[in-house]
2 protein chains.
Amino acid sequence: MQASVINVGSELLSGQTTNTNLSYIARRLRRLGIVIARSTTVSDTEAAIHEALAMVQEDVLIITGGLGPSRDDITKESLASFFGWRLVKDERVFEAIRRYFESRGRTMRETNEKQARFPPGATVLKNQRGTAPGMVVEHGGRTIVALPGPPGELKGMFPQVEALLKKRRDDVPYQDGFLLVGRGESEFESDLQDLYTEHPDVELAPYASLGEIRYILLSHSKESLKQAKEAFRERLHKDILGRADDTLEGLLVAGLRQRSASVAFAESCTGGLVASRVVDVPGASDVFEEGYVLYSNASKSRRLGVSPQVLENYGAVSEQCAYEMAYLLQRKARTDYALSVTGIAGPEGGSEKKPVGTVYFGLAKAETTRTFHRIFSGDRQMIRRKASAYALSLLIRELQRHEA
Amino acid sequence: MQASVINVGSELLSGQTTNTNLSYIARRLRRLGIVIARSTTVSDTEAAIHEALAMVQEDVLIITGGLGPSRDDITKESLASFFGWRLVKDERVFEAIRRYFESRGRTMRETNEKQARFPPGATVLKNQRGTAPGMVVEHGGRTIVALPGPPGELKGMFPQVEALLKKRRDDVPYQDGFLLVGRGESEFESDLQDLYTEHPDVELAPYASLGEIRYILLSHSKESLKQAKEAFRERLHKDILGRADDTLEGLLVAGLRQRSASVAFAESCTGGLVASRVVDVPGASDVFEEGYVLYSNASKSRRLGVSPQVLENYGAVSEQCAYEMAYLLQRKARTDYALSVTGIAGPEGGSEKKPVGTVYFGLAKAETTRTFHRIFSGDRQMIRRKASAYALSLLIRELQRHEA
């Protein structure tokens, strides 16, 4: 099944906003076995919206943006004029919008009334993060979905869309997925090559971001999916950290919390990025108390006591330095685990022996300290981001090792 | 003048990649006075590309992606079949691609040959970050620009596009812009309201991101632009930190370096994000040695000596705590400046007196320590990002105050 997406919003065409809705919608639809065949971005004018609508040939149309209360917001009105719908005020929705304002100590404006108007027969989608409800309309054998543009609101409402699409279709594939860290996409792909041929009725969709990759497996046969998952696990179990919906920081916080354990970080090239990712998780304070950003050599000695000999003989970017940073941090912070990162993010500072992208990691607990070493590709930001993902993965793996 | 953008790439429609090229191109074209009227994203098939090409009515067409060496890369071939061009091998370009491989110790594959084929009369755009050259072709009164999809390559080549577009047009507006931090977009907009009416021949384009906002001013009259810029500065000089092309972290590192000064950070709710942003700047080591992530109350006392009375009487999220963190850090790290951040990022932890989003900042130097206080809106990630921008802005402003 195919879908078309129309993103309405002059701010998308002026560059004021980057369109993150399309890739989100694409990833979610893919899991329902729906592929986006085309996507158009248009400004908030009736003519532009009509022109885009005239191109749609797909079974599902998702149109985003233009559901606000202002005069510029004309998506519903443009759909109505294009398809010949009459928009009628839905009193229950109107009341819900009024209450949304009331609960925030604000008064509803008159212009908000139009947000409660829908074509008869529309299924209204509730919006808990804003005033603009969405809607689903069946028209001429096509499912038309209208959603607000702000990504937070759209994401909050998407489960309602998924539930409706699932209900109306009998060919939703079975699906599952994995989160992997450790190697590059091309390496995984070559490991999976025969899996693609051995399981022709299973679709594998890789979604790579910096330092991590998610694979979604889709099949219309439950048994095929199960076999493919087993084969996938067999080949890549060393690299699998969680399910496709997991985040590294979420897995780490949950894993530590489960065993009432704590962690501290000592970061050089990542410069606080590892700690910041962990703090992104609500409730991180249960497992994380403190971190150090030790960017200069002197600070590594001063704060943790890394020996000057190590810095002199091996340099700050070395296995020995990563070892000492983690070992000494674990003693100083008195945490169950201590993680260190030291590397060359570039663009300067590389050498033939230690090229830009070289990063050493230390992972200490009371009994043992181990070190790890990777060379990451990309620019400074990419290398730092990949290193932070790898650092998180090391401790997640350590926690999982003891589970098994 | 209007432009149309076609992004070619199945990875954009499957959600494997988020399209950041469109907003980048939009921002750059806007500065040349060119507005994007529509944008289409299509898969790598000739039929889909032709269908999108048939819709183009604008003077400028920018098409991205599909210039690689693989069989899936068919953008140039699809343009050629649509417009009736013949693609001819350009020996000099072919040689350049061969050298690109050679310089990286790799051998050019046969499939790369097609990357050197262009319609006669095309201006070839050099790509220093990859093998795919771009091109500009004038056809039927329209300027057609083809660029590779990887954002790094596209951005690296865009100055060549700008130079060509400028040369071919006599109505490029004068432009300049500012980077502002301190208040929300709506507050700035109301301050600028009369500027919009007093300078009708100057266009103001705001580009907001989390905690910072950039304004681009455009006019076809040099004198009007100058006057509007002066009026803009007069109204918002307290909030202006730099030019539109500046970044906060870049301004901070440059400002500190200029006066051979150093900084240290003590972060609670931002959790290392401030330090990490500074480390994003190559050469940050000239001005930054170390930072602390002090997430728990105990760590604030243990590492910096924040007094237990302050934590007990006022809490960790307080002016007093921010003051002590900055004051004590400056003494401990012996830097010229020390910056502290402590706040409630949510979703839990807010109270009536200190709602979620409340953040206190401390800025210490040898002689004085000052504190600042803001309430940011948004979710946990947004609050943390805005707080990091505000923290950076405090020190930039301090450095600029002494310049003036």
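The values are calculated or read from the model by the stated rules, or taken from the named source; none is laboratory data. Predicted, not measured: the structure shown is a model, and the values here were computed from it. Reconstructed Cβ throughout: ideal geometry from the backbone, glycine too, with neighbour counts over all protein chains shown.
Here are some conditions: (1) within 14 Å of chain B (Cβ to nearest Cβ); (2) modelled with pLDDT under 95. A:Cys269 meets all but one. Which one does it not meet?
Checking A:Cys269 against (1) within 14 Å of chain B (Cβ to nearest Cβ); (2) modelled with pLDDT under 95, the one that fails is (2).
Looking at B:Arg92, B:Arg86, can you tell me which residue is assigned by TED's automatic domain parsing to the domain that holds B:Pro119 and touching a residue at least 24 places away in the same chain (Cβ under 8 Å)?
Unique residue meeting the criteria: B:Arg86.
Condition (residue is more than 23 Å from A:Lys332 (Cα to Cα) and either without any contact (Cβ under 8 Å) to a residue 60 or more places away in the chain or crowded, with 22+ Cβ neighbours inside 10 Å (or both)) applied to the stretch B:292-309: is it met by at least one residue?
yes
Which one of the conditions (1) modelled with pLDDT under 95; (2) out of contact with any strand residue (DSSP E or B) (no Cβ under 8 Å at 6 or more places or on another chain) does A:Leu311 fail to meet, given that it meets all the rest?
Single failed check for A:Leu311: (1).
Could you check, for the stretch B:347-360, whether at least one of its residues is of a type in the set (Asp, Glu) and either in contact (Cβ under 8 Å) with a residue 60 or more places away in the chain or surrounded by fewer than 23 Cβ atoms within 10 Å (Cβ to Cβ) (or both)?
Within the stretch B:347-360, one or more residues are of a type in the set (Asp, Glu) and either in contact (Cβ under 8 Å) with a residue 60 or more places away in the chain or surrounded by fewer than 23 Cβ atoms within 10 Å (Cβ to Cβ) (or both).
Considering every residue within the stretch B:229-239, establish whether at least one is of a type in the set (Phe, Trp, Tyr), more than 17 Å from the chain's Cα centre (by Cα) and over 27 Å from B:Tyr207 (Cβ atoms).
no
Please state which one of B:Glu212, B:Glu185 is within 27 Å of B:Thr270 (Cβ to Cβ), in contact (Cβ under 8 Å) with a residue 60 or more places away in the chain, of a type in the set (Asp, Glu) and not assigned by TED's automatic domain parsing to the domain that holds B:Phe376.
Going through B:Glu212, B:Glu185 in turn, just one is within 27 Å of B:Thr270 (Cβ to Cβ), in contact (Cβ under 8 Å) with a residue 60 or more places away in the chain, of a type in the set (Asp, Glu) and not assigned by TED's automatic domain parsing to the domain that holds B:Phe376: B:Glu212.
Mind listing whichever residues of the stretch B:336-356 are under 29 Å from the mean Cα position of the chain (by Cα) and either of a type outside the set (Gly, Ala, Ser) or modelled with pLDDT under 95 (or both)?
B:Asp336, B:Tyr337, B:Leu339, B:Val341, B:Thr342, B:Ile344, B:Gly346, B:Pro347, B:Val356, listed by residue number.
Would you check which residues across the stretch B:1-19 are in a strand (DSSP E or B) and of a type in the set (A, V, I, L, M, F, W, C) and list them?
Scanning the stretch B:1-19 gives B:Ala3, B:Val5, B:Ile6, B:Val8.
Condition first: touching a residue at least 24 places away in the same chain (Cβ under 8 Å), basic (Lys, Arg) and more than 14 Å from every other protein chain (Cβ to nearest Cβ). Now tell me which residues in the stretch B:139-182 satisfy that.
Scanning the stretch B:139-182 gives B:Arg142, B:Lys166, B:Arg168, B:Arg169.
Give me the pairs: first residue in the stretch B:13-34 and assigned by TED's automatic domain parsing to the domain that holds B:Asp59, second residue crowded, with 24+ Cβ neighbours inside 10 Å and among the hydroxyl-bearing types (Ser, Thr, Tyr), beta-carbon distance under 8 Å, and six or more apart or on different chains, which are they?
Pairs found: B:Leu13/A:Ser39; B:Leu13/B:Thr41; B:Asn19/B:Thr41; B:Asn21/B:Thr64; B:Leu22/A:Thr41; B:Leu22/B:Ser39; B:Ile25/B:Thr64.
So B:Ala345 ticks every box in (1) within 23 Å of A:Leu273 (Cβ to Cβ); (2) not in a loop (DSSP other than H, G, I, E, B) but one. Which box is left unticked?
Only one criterion is unmet by B:Ala345, namely (2).
Exactly one condition in (1) under 20 Å from A:Pro173 (Cα atoms); (2) surrounded by fewer than 20 Cβ atoms within 10 Å (Cβ to Cβ) is false for A:Glu46; which is it?
With (1) under 20 Å from A:Pro173 (Cα atoms); (2) surrounded by fewer than 20 Cβ atoms within 10 Å (Cβ to Cβ) applied to A:Glu46, the lone miss is (1).
Return yes when B:Ala80 is farther than 21 Å from B:Leu22 by Cα and modelled with pLDDT of 95 or more and no when it is not.
Taking the combined requirement at face value, the residue satisfies it.
Among residues belonging to the stretch B:1-21 that are within 22 Å of the chain's Cα centre (by Cα) and hydroxyl-bearing (Ser, Thr, Tyr), point out the one that is surrounded by the fewest Cβ atoms within 10 Å (Cβ to Cβ).
Among those residues, the one meeting the criterion is B:Thr20.
Could you look through the stretch A:243-272, keep only residues that are β-branched (Val, Ile, Thr) and assigned to a loop (DSSP other than H, G, I, E, B), and pick out the one that is farthest from the chain's Cα centre (by Cα)?
Looking at residues that are β-branched (Val, Ile, Thr) and assigned to a loop (DSSP other than H, G, I, E, B), I get A:Thr270.
What number of residues in the stretch A:273-294 are touching an Asp or Glu at 6+ places or on another chain (Cβ under 8 Å), at the interface with another protein chain (Cβ under 7 Å from one of its Cβ atoms) and not in a helix (DSSP H, G or I)?
Total meeting the criteria: 6.
Does the stretch B:188-202 hold any residues that are away from every other protein chain (no Cβ under 14 Å) and either part of a loop (DSSP other than H, G, I, E, B) or touching a residue at least 40 places away in the same chain (Cβ under 8 Å) (or both), and which are they?
Across the stretch B:188-202, the qualifying residues are B:Asp191, B:Leu192, B:Leu195, B:His199, B:Pro200, B:Asp201.
On the basis of being at pLDDT 95 or above, closer than 27 Å to B:Ser10 by Cα and not in a loop (DSSP other than H, G, I, E, B), does A:Ala205 make the cut?
no
If I go through the stretch A:32-50 residue by residue, how many of them are of a type in the set (Val, Ile, Thr) and at the interface with chain B (Cβ under 9 Å from one of its Cβ atoms)?
Total meeting the criteria: 5.
For the stretch A:7-31, which positions are within 13 Å of A:Thr41 (Cα to Cα), modelled with pLDDT under 95 and more than 8 Å from chain B (Cβ to nearest Cβ)?
Answer for the stretch A:7-31, where residues must be within 13 Å of A:Thr41 (Cα to Cα), modelled with pLDDT under 95 and more than 8 Å from chain B (Cβ to nearest Cβ): A:Gly9, A:Ser10, A:Glu11.
Somewhere in the stretch A:217-240, is a residue modelled with pLDDT under 95, β-branched (Val, Ile, Thr) and part of a strand (DSSP E or B)?
No, every residue in the stretch A:217-240 fails to be modelled with pLDDT under 95, β-branched (Val, Ile, Thr) and part of a strand (DSSP E or B).
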